[in-house]
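All remarks here apply to the structure that follows.
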Amino acid sequence: MNDKRSPHSETVAWTGIVSDVVLAIAKGGIGYISGSKALMGDALYSGADAAAKLTDVLPWRQGTAQKARSISRSKGETGSKEPLVAILLSVLILMGGLQIAFSAIRDLTRGHLSSPGQLALATVLISILLKEAMFQYQYRHFKKLGDGSHAAYAESHRFSLYTSLTVLIGIALSLTGDFLGWHPLLYMDPIAGLLTACLVLRKGYFLIASAIYGREDQELPHADAANFIETVQRVRGVIRVEHLKALDKGRNVNLQVKISVNPRITVLEAQEIAECAKKLLIHRFVHVDDVHMDVVPYDPGYPYKSNHELIDNDNAPTLLQ
């Protein structure tokens, strides 16, 4: 197991959490002052983003998850229980989303609506710019790691952007209705708040499902696994990487590798080659949690070129005669 995490990665992760918390507080305060249900919903979604990142960064998550995985393997079970804190955060997010939804419905049924004001519009615009800048910073860092976490982060950011754009459109249309005297457009802010509440509930559901049942393993695309393949092929004695499957475990990646070796070497030598490749992967990639190696003899019916020189250099032909 490889439990190391670089200090720079920790700094990047905590920077994202702090930025989400600051945005949540700022948008929540201004949304409360201006009476914008949409902006308050966007603030809650930023808080949900911070909670989701927090459950990944806190040190107790990884240790508890690994213990649960080992216990579940021994009992033949699937899934693992996450800490109670993650479940409590998820429940609070769900309760907040329901509160925003009920408040928006109450405003829609009451009929006496007012424009949230230009400050709310400026706030959501600034938050989108800051969020996008933070996304580019974190996305480039995660992509540089080569563990495929940038794909999951981009997926999370996409829904966060949808939420902010929904709020932006709702507030802008509400301001337009107030400026032009079109009363029906004033309903757009609570409608945007209701849509935002639905996205918050979706976020809370996935958080609590992840906390209770664990994350669903996702296979990384071939482009993200190319670095692993290149590393294994550099190991002395490996002829070819027959198969490599990288499973995203959240903070870590598990690898399933099948390599082919010279069919004339002993079983012990093949095991030593596999162990060398496993150690190289774990030490070179700090996010690799576990590696399962399978070794098969290379098909002697085809010409091959090995980077392993046999000790007993016989004259047996390696090409078809």
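Derivation of every value follows stated rules applied to the coordinates shown; laboratory data play no part. All values reported here derive from a predicted model rather than from experimental measurement.
Side notes on the structure shown:
- Cross-linked pairs LYS245/LYS278; LYS144/LYS203; LYS258/LYS279; LYS131/LYS203: Cα-Cα separations exceed 19 Å for LYS144/LYS203.
- Residue-span extension gain [GLU230 to ILE105] - 0.36 nm each, minus C-alpha spacing: 39.4 nm
- In order along segment 269-274, the phi-based Karplus estimate (6.51 cos²θ - 1.76 cosθ + 1.60, θ = phi - 60°) of 3J(HN,Hα) comes to 5, 5, 5, 5, 5, 5 Hz; Gly and Pro are listed as x.
- Computed lengthening from GLU155 to LEU84, 0.36 nm per intervening residue step minus Cα-Cα distance: 23.0 nm
- Full-stretch length increase - TYR139, ARG202 - with 0.36 nm per residue and alpha-carbon distance subtracted: 20.4 nm
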